[in-house]
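What follows is a short report on a single structure.
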Amino acid sequence: MRLAAAARLWGPPGLLLTFALHPALCLRPGRTAAPPHRDYCVLGAGPAGLQMAYFLQRAGRDYAVFERAPRPGSFFARYPRHRRLISINKRHTGKANAEFNLRHDWNSLLSHDPQLLFRHYSRAYFPDAGDMVRYLGDFADRLRLRVLYNTTIAHVTLDKDRQAWNGHYFILTDQTGQAHRCSVLLVATGLWVPNQVDFPGSEHVEGYESVSVDPRDFEGQNVLILGRGNSAFETAENILGVTNFIHMLSRSRVRLSWATHYVGDLRAINNGLLDTYQLKSLDGLLESDLTDLAVVKDHEGKFRITLKFFLEESNQSADAITLPQDDNDNFAMRVAYDRVIRCLGWKFDFSIFNKSLRLSSSGEFSKKYPLVKASYESKGSRGLFVLGTASHSVDYRKSAGGFIHGFRYTVRAVHRLLEHRHHRVPWPSTEHPISQLTNSIVRRVNEASGLYQMFSVLADIILLKENATAFEYLEEFPMQMLAQLETITGRKAQHGLFVINMEYGRNFSGPDKDVFFYDRSVGHTEDAWQSNFLHPVIYYYRHLPTEQEVRFRPADWALPRPTAIHHIVEDFLTDWTAPVGHILPLRRFLENCLDTDLRSFYAESCFLFALTHQKLPPFCQQGYLRMQGLMGTESLRRHGIESGLLRDYATVGRPREDGGQRPVGSSPAPGLPVQPLDGNKEEL
Amino acid sequence: MMSSSFNIFRVGISFVIMCIFYKSAVDSLSELSPQKYFSTLQPGKASLAYFCQADSPRTSIFLEELNEAVTPLQDYGISVAKVNCVKEETSRYCGKEKDLMKAYLFRGNILLREFPTDVLFDVNAIVAHVLFALLFNEVKYITTLEDLQNIENALKGKANIAFAYVRAIGTPEHRAVMEAAFVYGTTYQFVLTTETALLESIGNEDIENAHLYFFHCKQVLDLTLQCRRTLMEQPLTTLNIHQFIKTMEAPLLTEVTEDPQQVSTIHLQLGLPLVFIVSQQATYEADRRTAEWVAWRLLGKAGVLLLLRDSLEVDIPQHANVVFRRAEEGVPAEFLVLDDIDSLISHVESNVHVEEIQEDEDEDTKSPNMDVQDDEVAETVYRDRKRPLPLELTVELTEETFNTTVVASDSIVLFYAGWQAVSMAFLQSYIDLAIKLKGTSTMLLTRVNCADWSDLCTKQNVTEFPVVKMYKEGKNPVSYAGMLGTEDLLKFIQLSRISCPVNITSVQEAEEYLSGELYKDLISYSSVSVLGLFSPNMTTAKEDFTEAGNYLKGYVITGIYSEEDVLILSDKYAATLPALLLSRHKEGKIESIPLANSHAQDIIQIITNALLETFPEITVENLPIYLRLQKPLLILFSDGSINPQYKKAILMLVKEKHLDSLTPCWLNLKNTPVGRGILQSYFDTMPPLPLLVVVNLHSGGQVFAFPSDQPITEQNLLLWLKKLEAGLENHITILPAQEWKPPLPAYDFLSMMDAAASQHPTRKDPECTKETDVQENDKKQHEDKSAIIKEPIETLRIKHWNRSNWFKEGEKSFRHDNKEL
């Protein structure tokens, strides 16, 4: 019954699928009460869940999304409390390239429908969270994604079965006790459990999730905010003008996102309090470990800050408790506060997952994030993938994997992995002749959004074919999984490979770094390796690195030490198409890796080479010899002759003043056949 | 020195790093308090001290350069120190203001000179100025010709003069002169000027470069005579000056009686050749005068010796009057017969391989410049970038307009990328085509810039550039696969106007079709018209032919006739149905080919082969088709149209099947001027035309030339080909079989990163702190991470100023603000 009811919600495609499934279920003997089965179950209809649903739907897979709320994006229905998203909605870039424009659109999900771009939902640069809720609703509806709303999965457990794809099924039990059996479980529940710090008096503390957002409630108050993230500053920003003062307390120093290049750190849009603090207003920032603190309520109902240590030795009577200022009369937090607000972020909800899934362990992020590999698959259970914000342990404080503009690409990477693992669809790739190598890279580094947003996490891979006459181009592969590339993608990497990544300068980003130092930008191609701003970096490997090499790579390196490396010099406009500044050094790098000549030639030059050499450069082989030579025009020819790269053959052999001899000692290009006639070498 | 080395990173970096390491480990700038400094001064010893405030910037360009100058100055016995002015110990040398700090040169504790730091702008300037001050007596600075003449007169019969012109004080050339003066200053009088007028007045116009003259005054006894002058031709570097002076010191002419192969002089050691003037008793006097004359002319370029033939034990060729011996070991001496001195001089000068002994400063010019574009397409497109193209002649399509446009009208679409040189070069041809077709074609010429409409291109399956597709009548688009040029694309568009194959409906129409009347305007694009003849019931054969016709659309005209009266045609042209009729319009011939059991692929092959001519004129456009035959080419190079007799001879040989193993063709140098380039590579100099060669491209690469003294006749050719086949002919050249390697190296960023990583711990940064002992100082720097990290970056930055790439610097100033994340 439930299944039928659910089917109606799904709309027509779901209905068909249900009928198709039904006989399959009936065929299983002995298990009459077998729970409904799906190949893919997605937990949560937030941005990551919907994004995965979109890819599964496009691939025609059997899937369902479980969502406890009646509509998608319930987190955004409540958060951020002050409703302003800090993800940019840049509607204009001056460019038409849709892929490029996604670099500056941090809210849209990926789809084929140009109407489903966030700029159609909000005109604000920092949009309202309500627009996000509306957008996600539209995304699910327009694309007819199969979401089971009002379905709360209360428990997830494993059912071992050797026939299952991963050796076990995931059994999901919803609030009515109905079980759902899934081959693959995709957890996209986000982080929604507020972080709390346990200290004496923490019951007096209000949480970000419930604190009033009406500034009038804070008129003339002394406010202490615990936390130093965007939610803390967002809260402070809202009441900055009406309070007596705001003090902010947290364990570590403030991390400004423009210094760390990490969007999860404090964004300038929220940092009004920093301004007033540094301009000697009454507001201020303090550093201390929250777990040492205690809050006591005095007889006036105000809150006093003291230390847990004092509390333990006193007799608990509120007014008799030792306060730090008793010993140390200039203690910073000696004033009484009217409110203490906790804004400490969120963590993953581990409670619904059975221990056997081994989602958490005693690792670094064990309390905040579930434990996943760089492929986003759980370390504890094969077939369980964590998507979206909850998967951010992979690139926490590094890249954008915890945010829509980053995880929309990691979700796609997970989907590509699944397509190969379970449906033998190899990782999508395009194959090109080697003469197109430079072009392929230039195109991607200039427009690819996935590389740009998920810098140093997702990278493009170029797999060379035998003898390096052709190559395959794979987009947005999780680069930490490089050693497992062949099994994950189903492509062969026998003849060497390039990895195209985007990177910031090694020592540029950091909470204490001066990112505005003079001479921070690099303009010379030979200094490209010292580029500080995000720029493309190309790694060349003769052989696929092993797992060991990836794991024990040098510190600060995104990948193991390559055979050769190339940096394309940083560019103010992120436009890496300058012929001499960007493309030429890249070509030289590729040429030297492959030990070949990747220049392009006009048909006339190829004609000359064809009759004066036994071998031709790749461009002539792959173009001219296949009747696709580049003829050129008269005006280009003239430029060629002026530049000395082409020769005016009409004058060859006619008596010339210098007797037609090349000057002694002019050295031909290394490795090139020494022929006085090659127009291409004239300039050397 | 470091700066330029960085430019040739590949080889230079390790060296540079070693230098840095060496310097910082061995000679670093000592830091002292004023009191301590003055206590270290030794009588008679020179010392350069830079006084600076303790709180002045920790690093500065000057300090870095000063640090670099420590080693070279120490070579001259000059110590260098940085004196930290601290409050407790003031000194009168400590300036009041930070900006006015100066460097002082002491000898003993006597102040010789003070230098504002801006005078000592780099290591060259520091060394040059210090030596200049110390060698005040040895080096005379002059400003007028009169000064020079006075010195010259004063030294006649006494000493020789080294006269140098440098563009400015403190330049690397000035330093080189001063360093030479330090060594030779007591032997020769050094004279220095920076006056261009003075240089010009002694007859040298090249004021851009530094010059050094050697004035041979010592042997001038007659005071009215001028001293002979020898101009040094190499650039002014310390080593070159040293070499030059050494040759000036060597005897002008030496008489020898040994085997020229055994003689050794200073010249050989300096890498200069030896010239032996062969003399005999009878002509000794004259020979000696000649030899002296030659010696003066070759002074500094070669050593000149007089070889006395009569007393020589080894044989030298009878007629030889000059023996030339290169400096390189193992190169045998050359015996020459030269008629006059000039030819001797020019022979020596053209053969002198002057081993450029260059110091690091000059390596910039030696290393190939990797930043110079060597891609002809990229360079030509770049040079042409400012010429506006009449792009409006083609319709620019976007994601929004693409589908409606290609559905609404028959369109050619060029997919290109604005940043990609090859597609931009082709765009020019495309625009030329649009100009040609303006107003005449029903085909809409459109273009899509894939740099803007990336998704659209991907959807149209375009992932490389450029790509041309034809969208017609809502059918699947046809990709153009021909040459990327105006003519070939025009041909494709014109031939695509008719359906392929064309359905012919009557015998009369078929005759018109075959005669070329039916598509008069098209036969210039397709030299052959193909007509398939089928009985109405031959359905499969017709389908196959239609498929083949579709495939060849745009490249050749095909038609199909399968009416009941098809026998009229098959009888007339002696064809057995199903058959092909090939009408070659140029030759006015129609031939028939049976088609029984031929599949589409076979038919395509038959037609493609039929398009090949027996003796084509080879061009840039058609060579690839003939190369596919994989046979050696028999090419007749002709300057203009081919002589009909030659053509006849070759066609006769073809007819008699003597040329089956070759692809005979001819090349018209008027139409295909690049043929001259080919001939030059075969023969070095242009041979007389016409000329017949066989090029064995596919196996071995040998090139054989038909003897130019024989007339090209059937018999001669046949004989020659027979000899060729029998292996009796010698090839004139073999085409190189090398692979195409990278034209230039790439930046080795990996090594640079390694070098930087290993550089940090050893790198010292000069700073103004209170006097500390060296160990403590070191430790402090290790702790101060940020300074260590920033240091190498700044080092490199500063170096770039030296390269005086002013436009790049200008560009850089716009870069100071960079973007948000």
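Remarks
- B:Asn137/B:Glu255 FRET efficiency (R0 45 Å; Cβ-Cβ; nearest 0.05): 0.70
- Kirkwood Rh, angstrom, the protein assembly as shown [1 / mean 1/r, Cα pairs]: 40.0 Å
- Estimated FRET transfer efficiency (B:Ala154, B:Arg92; beta-carbon r; R0 56 Å; 0.05): 0.85
- The ellipsoid that matches the Cα gyration tensor of segment A:122-173 has semi-axes, each √(5λ) in whole angstrom, of 36, 13, 11, with the longest given first.
- Sites listed here are GluC sites (Glu not before Pro) in segment B:137-213 whose DSSP assignment is loop and whose Cβ has at most 10 other Cβ atoms within 10 Å: B:Glu205, B:Glu208.
- The stretch between B:Lys475 and B:Glu285, if pulled fully straight at 0.36 nm per residue, gains 58.7 nm over its current Cα-Cα span.
- Those residues of segment B:262-283 whose amide nitrogen sits under 18 Å from the label point placed on B:Val331, 7 Å along Cα→Cβ: B:262-277
- Taking other Cβ atoms within 10 Å as a rough exposure proxy, A:Asp275, B:Asp455, B:Asp571 sort from fewest to most as B:Asp571, A:Asp275, B:Asp455.
- Rounded, prolate or oblate (a/c below 1.5 giving rounded, otherwise prolate when a/b exceeds b/c) for segment A:482-590 by Cα gyration tensor: oblate
- Arranged from fewest to most other beta-carbon atoms within 10 Å of their beta carbon, B:Val703, B:Val566 become B:Val566, B:Val703.
- Spin-label model distance (nm) - B:Glu591 vs B:Thr398, 7 Å beyond Cα toward Cβ: 5.5 nm
- The percentage of C-alpha pairs in segment A:360-502 whose separation is greater than 23 Å is 36%.
- Computed label-point distance, nm, for sites A:Asn328 and A:Glu431 using a 7 Å Cα→Cβ extension: 7.0 nm
- Among the listed pairs B:Lys438/B:Lys459; B:Lys469/B:Lys520; A:Lys95/B:Lys438; A:Lys373/A:Lys398; B:Lys647/B:Lys670; A:Lys297/A:Lys347, those beyond 23 Å (Cα-Cα): B:Lys438/B:Lys459; B:Lys469/B:Lys520; A:Lys95/B:Lys438; A:Lys297/A:Lys347
- Contact order normalised by residue count of segment B:166-244, Cα under 8 Å, 6+ apart, percent: 36 percent
- Compactness of chain A - radius of gyration and Dmax, Cα, Å: 30.6, 112
- Take each peptide in A:445-451, B:213-219, A:50-56, B:263-269, count the other Cβ atoms within 10 Å of every residue, and average; sorted highest first, the result is A:50-56, A:445-451, B:213-219, B:263-269.
- Evaluated at q = 0.10, 0.21 Å⁻¹, a Debye calculation over the C-alpha positions of segment A:220-320 (equal weights, vacuum) places log10 I(q)/I(0) at -0.33, -1.08.
- Order of A:Val522, A:Val205 under a 10 Å beta carbon neighbour criterion, fewest first: A:Val205, A:Val522
- Scaling the Cα radius of gyration of segment A:421-561 by the globular reference 2.2 N^0.38 Å produces a ratio of 1.12.
- Interchain or long-range residues, amide H under 5 Å from A:Leu307's placed H: A:Ala294
- Pairs exceeding a 28 Å alpha-carbon distance, out of A:Lys280/A:Lys308; A:Lys90/A:Lys280; B:Lys586/B:Lys722; B:Lys301/B:Lys741; A:Lys90/A:Lys367; B:Lys631/B:Lys722: A:Lys280/A:Lys308; A:Lys90/A:Lys280; B:Lys586/B:Lys722; B:Lys301/B:Lys741; A:Lys90/A:Lys367.
- For A:Leu282 and A:Trp557, the FRET efficiency from 1/(1 + (r/R0)^6), where r spans their Cβ atoms and R0 equals 56 Å, is about 0.75.
- Cut-off 12 Å (backbone N to label point 7 Å along Cα→Cβ of B:Leu112), residues of segment B:158-196: B:182
- Each of B:Arg387 and B:Thr458 was given a label point 7 Å from its Cα along the Cα-to-Cβ line. The distance between the two points is 3.6 nm.
- Cα-based reach from A:Lys513 at 16 Å (exclusive), listing aspartates and glutamates while leaving out same-chain residues under 8 positions away: A:Asp265, B:Asp784, B:Glu791, B:Glu820
- Charge tally for A:Leu172 (other residues, Cβ to Cβ under 10 Å; Lys, Arg +1; Asp, Glu -1): +1.
- Taking amide H as placed 1.01 Å from N in the peptide plane, B:Leu735 has its amide H under 5 Å from the amide H of B:Gln702, B:Val703, each at least 5 places away in sequence or on another chain.
- Average beta-carbon neighbours from other chains, 10 Å sphere, peptide A:634-645: 5
- Distribution of pairwise C-alpha distances over segment B:446-584, 5 Å bins, in %: 2, 9, 18, 19, 16, 12, 8, 7, 5, 3, 1, 0
Just so you know, all these numbers are worked out from the coordinates, no wet-lab data involved. Everything quoted here is computed from the prediction, not taken from an experiment. Counting neighbours? That spans all protein chains shown, and the Cβs are built from the backbone with ideal geometry, glycine included.
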